[in-house]
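Have a look at the structure below, then the notes.
The values are calculated or read from the model by the stated rules, or taken from the named source; none is laboratory data. It should be emphasised that the depicted structure is a prediction, and the values quoted were computed from it without experimental measurement. As a convention, Cβ positions derive from the backbone with ideal geometry for all residues, glycine included, and neighbour counts pool all protein chains shown.
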Amino acid sequence: MPYTHHLRVYKSAESLERRDQLAWKLAELATDQVAPTPEITDMVVNRVIDNAAVAAASLTRGPGIASRAQAVAHPYTPGATVFGLATDRTCSPEWAAWANGVAVRELDFHDTFLAAEYSHPGDNIPPILAVAQHTGADGAALLRGIVTGYEIQVDLVKAISLHRHKIDHVAHLGPSAAAGIGTMLGLDTETVFQAIGQALHTTTATRQSRKGQISTWKAHAPAFAGKLAVEAVDRAMRGQTSPEPIYEGEDGVVAWLLDGPDAAYDVVLPGAGEPRTGILDTYTKEHSAEYQAQAIIDLARALGTERPDLRDPANVERIVLHTSHHTHFVIGSGANDPQKYDPTASRETLDHSVPYIFAVALQDGGWHHVASYAPERAQRPDTVKLWRKVTTTEDPEWTRRYHSTDPAEKAFGGRVEITTASGETVAREIAVADAHPLGARPFARENYVAKFRTLAEGVLEEPEIARFLDLAGRLPELTPAEVRELTIVARPGLLDDVEPPRGLFDMAGSPASGRAATAGAGVSAGSAPGAATPATTGAEVR
């Protein structure tokens, strides 16, 4: 039976046994080795493919280039692979987790789970995979680690809202990734407990990264949490302890960053020996946009095809999207961010502007991860006119459905009402995206593979695509050597002309000087340049 942990704040004078702390309960979950069911295994494979797909499309984008340059400035043996580079180009695992995490997150195009908090549980995979490659874990261990990462993140997201207090959602990712690594390595409960506490303590940050003029840091924030999770596990393995109690303390996370000293939450966790099914509650994206925009894109593209006259701003008086609190206040006009209507805004900002997204999807009848955000697309005069006629408003019923715990009722869509220039009202609504498990065309393995092939076009050669898909499909049975090959290698020449930005690790006198500039350019073959690197045993995590 599921276990409900009641979380509250304790004064220092009160007695709180370690075994009664949430971090300990999460560590117990992580160290209770439960075999994944076939359904869970199949979904993990899907998400490994999904992550690689969006990473492939990000290899030549700015954040991916910069983070890769930082990673290759830290070559290490055995280490872990970096997306885009040859499999014998290994870096220290925390830096590989960093670079791969950025590549996965840059396009905002992988999986999502929305409840009391928001999340992208696929962000767990890069740090867990990096440590697997470094330590020589096999596919079965990697699978169990990923399942734990998803489970803990989903359980925390269902119970504890961070955004209400302007705390970024990666505060749930640090603990889940640390726990997943602990499961994979077979660490004891005490060690995982300490790693979870350190990971949470170091990954709390404000949500300004997702407000106003959204910067490239949005792609880096989850990767930073994954990197810190790797480091937290390393410290815990060395016997170093964490702030305690990290959640319940009177100066802890709940008391000062969340609902305060009188707060209380019920966190539902799987019971001992029960399957960790959290990943089955999550869903991926068909479109490269904020998840709340997925259903809106599907609605807009269908409506534009049905009523092409609505694509002309001269025929439209106004467009109002009636939707949930989150959609209205975070990516809608309720955010009161003028940047959401600015044709010169960054891609990251347009990705979080549902008025822009609706206007473009309505006019184009679809969505493209590059073309739909191109400056010439955003600045097209007729699009700007239509875009500025789109507003959002919160509908309590859509907010209620957004927070429903009933999967059949939970919804992330809305209702659009368009008033035409002639006075006609055109109304349509959609509850979930077409690709959602309850949508018109739920994503299955063939859709994940098709997405991978689409985003890998021009980036990976066909033999490389086939090689990766074969490995991913056999994930539970992979040998340690095959786990080290579980990456994507860019086609020859793709990254050679990419000039990485220079930074601290490239400065004269730096041990990495002269290394990062060459390696950061993404050379896709050969061994890591520079001096010999220290070796580690398979049990160590640097």
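Quick notes
- Meets criteria (over 26 Å from the mean Cα position of the chain (by Cα), modelled with pLDDT of 95 or more and of a type in the set (G, A, S)) for S422: yes
- Residues of the range 95-115 that are closer than 28 Å to P407 by Cβ and of a type in the set (A, V, I, L, M): V104, L107, L114, A115.
- Qualifying residue in the range 382-400 (condition: free of Cβ contacts under 8 Å to residues at least 24 places away in the same chain, outside the structural domain of I40 (by TED's automatic domain parsing), surrounded by fewer than 19 Cβ atoms within 10 Å (Cβ to Cβ) and assigned to a loop (DSSP other than H, G, I, E, B)): no
- Filtering the range 157-175 to residues that are more than 15 Å from the chain's Cα centre (by Cα) and either on the phi < 0 side of the Ramachandran plot or modelled with pLDDT of 95 or more (or both) leaves K158, A159, I160, S161, L162, H163, R164, H165, I167.
- When the criteria are applied in full, F113 fails the requirement of being more than 28 Å from F193 (Cβ to Cβ), of a type outside the set (D, E, K, R) and touching a residue at least 12 places away in the same chain (Cβ under 8 Å).
- Among residues of the range 306-325 being assigned to a helix (DSSP H, G or I) and not charged (D, E, K, R), the one that is farthest from P381 (Cα to Cα) is H325.
- Any hit, the range 118-131, residues being among the small types (G, A, S), assigned by TED's automatic domain parsing to the domain that holds M43 and in a helix (DSSP H, G or I): yes
- Residues (in a helix (DSSP H, G or I), under 23 Å from E499 (Cα atoms) and not small (G, A, S)) located in the range 32-61: V54
- Which numbered condition V541 misses (of (1) within 25 Å of the chain's Cα centre (by Cα); (2) in a loop (DSSP other than H, G, I, E, B); (3) modelled with pLDDT of 95 or more): (3)
- All positions within the range 74-86 that are touching a Leu at 6+ places or on another chain (Cβ under 9 Å) and assigned to a loop (DSSP other than H, G, I, E, B): F83, L85
- Some residue of the range 450-457 being at pLDDT 95 or above, outside any loop (DSSP other than H, G, I, E, B) and of a type in the set (D, E, K, R): yes
- Some residue of the range 176-187 being at pLDDT 95 or above, within 23 Å of the chain's Cα centre (by Cα), within 28 Å of E17 (Cα to Cα) and surrounded by fewer than 24 Cβ atoms within 10 Å (Cβ to Cβ): yes
- In the range 329-380, residue modelled with the lowest pLDDT [restricted to those that are among the acidic types (D, E) and over 13 Å from T391 (Cα atoms)]: E348
- Residues (in contact with a Lys or Arg (Cβ under 8 Å, 6 or more places away or on another chain) and surrounded by 22 or more Cβ atoms within 10 Å (Cβ to Cβ)) located in the range 283-302: T284, Y291, Q294, L299
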